[in-house]
Amino acid sequence: MAKEIERKFLVKDDAWRAEAVSASTFIQAYVATQEDRSLRVRLINDKRATLTIKIGRQLISRDEFEYDIPVEDARELIGSALGIVLEKTRHEVEHEGFTWEVDVYAGAYEGLVVAEVEMEHEDQQPPLPSWVGREVTGDRRFSNLVMATEDLSEELCGGVSHSA
(Lines give C-alpha, C1' and ligand atoms only; values in the text may rest on other atoms or scores of the structure.)
Protein backbone atom coordinates (compact mmCIF):
# COMPACT_ATOMS: atom_id res chain seq x y z
CA MET A 1 0.00 0.00 0.00
CA ALA A 2 1.19 3.49 -0.81
CA LYS A 3 0.35 6.58 1.16
CA GLU A 4 -0.32 9.76 -0.79
CA ILE A 5 0.66 12.86 1.18
CA GLU A 6 0.36 16.11 -0.75
CA ARG A 7 -0.36 19.80 -0.50
CA LYS A 8 -2.22 21.71 -3.19
CA PHE A 9 -1.96 25.36 -4.24
CA LEU A 10 -3.38 27.68 -6.85
CA VAL A 11 -0.82 28.97 -9.35
CA LYS A 12 -0.52 32.74 -9.70
CA ASP A 13 1.60 33.08 -12.86
CA ASP A 14 3.42 31.16 -15.61
CA ALA A 15 6.95 31.42 -14.11
CA TRP A 16 6.84 27.63 -13.44
CA ARG A 17 6.99 26.93 -17.19
CA ALA A 18 10.71 27.78 -17.28
CA GLU A 19 11.37 25.00 -14.74
CA ALA A 20 9.09 22.33 -16.24
CA VAL A 21 10.90 19.09 -17.07
CA SER A 22 8.04 17.05 -18.59
CA ALA A 23 4.37 17.15 -19.55
CA SER A 24 1.66 14.50 -19.91
CA THR A 25 -1.97 14.76 -20.98
CA PHE A 26 -4.54 13.11 -18.74
CA ILE A 27 -8.13 12.10 -19.29
CA GLN A 28 -9.42 11.24 -15.83
CA ALA A 29 -12.77 9.83 -14.77
CA TYR A 30 -14.34 8.48 -11.62
CA VAL A 31 -16.31 5.25 -11.99
CA ALA A 32 -17.27 4.66 -8.35
CA THR A 33 -17.27 6.83 -5.25
CA GLN A 34 -18.30 6.69 -1.62
CA GLU A 35 -17.82 9.17 1.17
CA ASP A 36 -14.29 8.00 2.02
CA ARG A 37 -13.12 6.21 -1.15
CA SER A 38 -13.01 6.44 -4.91
CA LEU A 39 -12.17 4.41 -7.99
CA ARG A 40 -10.52 6.47 -10.72
CA VAL A 41 -9.43 5.61 -14.24
CA ARG A 42 -6.79 7.69 -16.00
CA LEU A 43 -5.66 7.66 -19.62
CA ILE A 44 -2.16 9.14 -19.97
CA ASN A 45 -0.94 10.51 -23.32
CA ASP A 46 -3.51 8.19 -24.95
CA LYS A 47 -0.91 5.39 -24.56
CA ARG A 48 -1.02 4.23 -20.93
CA ALA A 49 -3.85 3.73 -18.46
CA THR A 50 -4.19 3.28 -14.71
CA LEU A 51 -6.91 2.33 -12.29
CA THR A 52 -6.55 3.94 -8.86
CA ILE A 53 -8.31 3.27 -5.58
CA LYS A 54 -8.05 6.02 -2.95
CA ILE A 55 -9.25 5.47 0.61
CA GLY A 56 -9.42 8.08 3.35
CA ARG A 57 -11.29 11.19 4.36
CA GLN A 58 -8.34 13.57 4.76
CA LEU A 59 -7.39 15.69 1.76
CA ILE A 60 -3.70 15.86 2.71
CA SER A 61 -3.08 12.12 3.24
CA ARG A 62 -4.86 9.01 1.89
CA ASP A 63 -4.13 5.39 1.07
CA GLU A 64 -3.62 4.90 -2.64
CA PHE A 65 -3.47 1.76 -4.77
CA GLU A 66 -2.66 2.18 -8.48
CA TYR A 67 -2.55 -0.44 -11.23
CA ASP A 68 -1.81 -0.37 -14.95
CA ILE A 69 -4.73 -1.51 -17.09
CA PRO A 70 -5.20 -1.92 -20.87
CA VAL A 71 -5.86 1.35 -22.71
CA GLU A 72 -9.04 -0.05 -24.29
CA ASP A 73 -10.39 -0.95 -20.84
CA ALA A 74 -9.69 2.60 -19.70
CA ARG A 75 -11.57 4.07 -22.67
CA GLU A 76 -14.56 1.85 -21.90
CA LEU A 77 -14.51 2.82 -18.21
CA ILE A 78 -14.25 6.53 -19.09
CA GLY A 79 -17.46 6.04 -21.06
CA SER A 80 -19.10 5.00 -17.76
CA ALA A 81 -17.83 8.01 -15.81
CA LEU A 82 -19.78 9.64 -13.02
CA GLY A 83 -20.18 13.35 -13.76
CA ILE A 84 -17.49 15.30 -15.60
CA VAL A 85 -14.50 13.67 -17.28
CA LEU A 86 -11.50 15.79 -16.30
CA GLU A 87 -8.98 16.87 -18.93
CA LYS A 88 -5.61 18.29 -17.95
CA THR A 89 -1.97 18.52 -18.84
CA ARG A 90 0.35 17.70 -15.97
CA HIS A 91 3.74 19.40 -15.95
CA GLU A 92 6.48 18.22 -13.60
CA VAL A 93 8.55 21.01 -12.10
CA GLU A 94 11.64 20.45 -9.94
CA HIS A 95 12.07 23.03 -7.18
CA GLU A 96 14.59 22.85 -4.33
CA GLY A 97 14.54 19.07 -4.01
CA PHE A 98 10.79 18.61 -4.48
CA THR A 99 8.82 17.60 -7.56
CA TRP A 100 5.78 19.79 -8.14
CA GLU A 101 2.96 18.68 -10.42
CA VAL A 102 1.32 21.63 -12.15
CA ASP A 103 -2.06 20.69 -13.63
CA VAL A 104 -3.37 22.94 -16.41
CA TYR A 105 -7.02 22.04 -16.91
CA ALA A 106 -8.88 21.99 -20.21
CA GLY A 107 -12.50 21.19 -21.00
CA ALA A 108 -15.01 22.06 -18.27
CA TYR A 109 -12.28 23.53 -16.04
CA GLU A 110 -10.40 25.47 -18.73
CA GLY A 111 -8.31 28.20 -17.08
CA LEU A 112 -7.77 26.47 -13.75
CA VAL A 113 -4.12 25.85 -12.86
CA VAL A 114 -3.24 23.98 -9.67
CA ALA A 115 0.10 22.80 -8.28
CA GLU A 116 0.59 19.82 -5.97
CA VAL A 117 3.68 18.75 -4.10
CA GLU A 118 4.03 15.26 -2.66
CA MET A 119 5.74 14.86 0.68
CA GLU A 120 7.19 12.02 2.74
CA HIS A 121 5.26 13.01 5.87
CA GLU A 122 2.51 15.47 6.78
CA ASP A 123 4.79 17.75 8.80
CA GLN A 124 7.24 18.30 5.94
CA GLN A 125 7.50 21.93 4.79
CA PRO A 126 8.63 22.10 1.14
CA PRO A 127 10.02 25.47 0.05
CA LEU A 128 7.28 27.29 -1.88
CA PRO A 129 8.15 28.57 -5.35
CA SER A 130 7.39 32.22 -6.14
CA TRP A 131 4.69 31.19 -8.66
CA VAL A 132 2.62 29.39 -6.01
CA GLY A 133 -0.46 31.23 -4.73
CA ARG A 134 -3.08 30.45 -2.10
CA GLU A 135 -3.01 26.99 -0.52
CA VAL A 136 -6.18 24.97 -1.22
CA THR A 137 -5.18 21.65 0.38
CA GLY A 138 -8.18 21.54 2.70
CA ASP A 139 -10.62 23.09 0.22
CA ARG A 140 -12.71 20.19 -1.05
CA ARG A 141 -13.75 22.17 -4.16
CA PHE A 142 -10.27 21.60 -5.59
CA SER A 143 -10.39 17.82 -5.09
CA ASN A 144 -10.48 16.13 -8.50
CA LEU A 145 -13.20 13.82 -7.19
CA VAL A 146 -15.41 16.76 -6.20
CA MET A 147 -14.66 18.61 -9.45
CA ALA A 148 -15.75 15.53 -11.40
CA THR A 149 -18.87 14.65 -9.42
CA GLU A 150 -20.14 18.19 -8.66
CA ASP A 151 -19.99 20.68 -11.52
CA LEU A 152 -17.98 23.51 -9.98
CA SER A 153 -16.70 24.83 -13.30
CA GLU A 154 -18.58 28.14 -13.06
CA GLU A 155 -17.44 28.71 -9.48
CA LEU A 156 -13.78 27.76 -10.08
CA CYS A 157 -13.36 29.05 -13.64
CA GLY A 158 -16.21 31.50 -14.31
CA GLY A 159 -14.08 34.57 -14.81
CA VAL A 160 -12.81 34.50 -11.24
CA SER A 161 -9.11 35.12 -10.67
CA HIS A 162 -7.36 32.00 -9.37
CA SER A 163 -4.36 33.84 -8.01
CA ALA A 164 -3.40 34.36 -4.40
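In the range 116-138, which residues have a backbone nitrogen under 15 Å from the label point lying 7 Å from Ala18's Cα in the Cα-to-Cβ direction?
Inside the label zone: 129-132.
What FRET efficiency comes out for Thr25 versus Glu94 if R0 is 25 angstrom and r is the Cβ-Cβ distance? Round to the nearest 0.05. Display every interim value, and only then the final one.
Values: r = 20 Å, r/R0 = 0.81.
The pair Thr25/Glu94 has a calculated efficiency of 0.80.
Given a 1.4 angstrom probe, what's the average accessible area per residue across the chain, in square angstrom?
Values: 8360 Å² over 164 residues.
Heavy-atom accessible area per residue stands at 51 Å².
Enumerate by residue number the GluC sites (Glu not before Pro) in the range 3-78 meeting two conditions: DSSP loop (anything except H, G, I, E, B), and at most 12 other Cβ atoms within 10 Å of the site's Cβ. Write down the numbers at each step before the final one.
Numbers: sites: Glu4, Glu6, Glu19, Glu35, Glu64, Glu66, Glu72, Glu76; in loops: Glu35.
Answer by residue number: Glu35.
How big is the gap, in Å, between the Cα center of the range 1-40 and the Cα center of the range 64-108?
7 Å
For the range 1-57, give the percent of accessible area contributed by carbon and sulfur heavy atoms, probe 1.4 Å, rounded to a whole number. List each step's numbers first, then the result.
Details: 1440 of 2950 Å².
Result for the range 1-57: 49 percent of the exposed heavy-atom area is carbon or sulfur.
Which value, to two decimals, describes the C-alpha radius of gyration of the range 1-93 once divided by 2.2 N^0.38 Å? Numbers along the way, then the final one.
Values: Rg = 14.4 Å, N = 93, 2.2 N^0.38 = 12.3 Å.
Compactness ratio reported: 1.17.
Identify all lysines with a Cα-Cα distance to Lys47 below 29 Å; exclude those on the same chain that are fewer than 8 residues away in sequence.
The reachable lysines, counting only those whose Cα sits under 29 Å from Lys47, are Lys3, Lys8, Lys88.
When only alpha-carbon atoms are used, what values of Rg and Dmax, in angstrom, describe the chain?
Cα-based Rg and Dmax for the chain come out at 15.2, 41 Å.
The values are calculated or read from the model by the stated rules, or taken from the named source; none is laboratory data. Predicted model only: the values in this text are computed from it and were never measured. Backbone-built Cβ (ideal geometry, glycine too); neighbour counts: all protein chains shown. These area figures cover heavy atoms from the full protein model, side chains too; ligands, DNA and RNA do not enter into them. Shrake-Rupley method; radii C 1.70, N 1.55, O 1.52, S 1.80 Å.
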